[in-house]
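Nothing in this text is a laboratory measurement; each read-out follows from the coordinates by a stated rule. None of these values were measured; they are calculated from a predicted model. We place every Cβ from the backbone using ideal geometry, glycine too, and count neighbours over all the protein chains shown.
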Amino acid sequence: MRNQSRLAAFCALVIATQVVLAHAEDLGVIGKTYDIAERDLIEAMKDKLRQMEKTGELAKKQDEYKNRVMSGIEHPKPIPGIQATETANTHYYDPSIVTDKDIADATGKILYPRGTRVNPLDYIGWNKYLLFVDGRDQKQLDLTKRITAASDRPVKLVLVAGEPLNLMRKWKKQVYYDQGGILTRRFAITRVPAMVRQEGRRLRIDELRY
């Protein structure tokens, strides 16, 4: 890991230096000049990278990195703080925003002055359901199948734990993952399974007992 971090730092510094040098201008000489000692360091880094490439160490590091990335995709970390639903609960999410600047159309006409409260659901309907489940819990997956089969709208499955790609291959349908817990935090979901759907000008979140 330490060697890989050093390698990444080497590459970043070499690339950044090359970009800066490529866009440099000749501004003449002002005052006393000195040799640039950093050039020796950059050449040493380049030599190190060339040596690593020659010995196959660079390719090995790249394979290790690729394997770690793939492992993270196949086995993402569970979203912390999410538990199984024990008691059914319902709460709501208001998607309204307050504009922080004037919003104009293509002709420059002001549609929404700064400070206007705008609800996207007044203009774009939420025509689907989001179902958040723990992919490690077979009972939640079975419930997902039942809900999907009986639903009158598309149901998008969002895992908070489990293996989304493996489930996608098994079910032959799109499976999503709440990377970083962005959606569960936004909708204040702490228990799953949970369903998100539109109800009027709000989104309704039902934490489902199963």
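Highlighted here are the strands (runs of 3 or more DSSP E) found entirely within the stretch 101-210 that include at least 3 residues which are free of Cβ contacts under 8 Å to residues at least 60 places away in the same chain and surrounded by fewer than 17 Cβ atoms within 10 Å (Cβ to Cβ): 110-112. Within the stretch 194-210, at least one residue is under 22 Å from Thr90 (Cα atoms), touching an Asp or Glu at 6+ places or on another chain (Cβ under 7 Å) and among the hydrophobic types (A, V, I, L, M, F, W, C).
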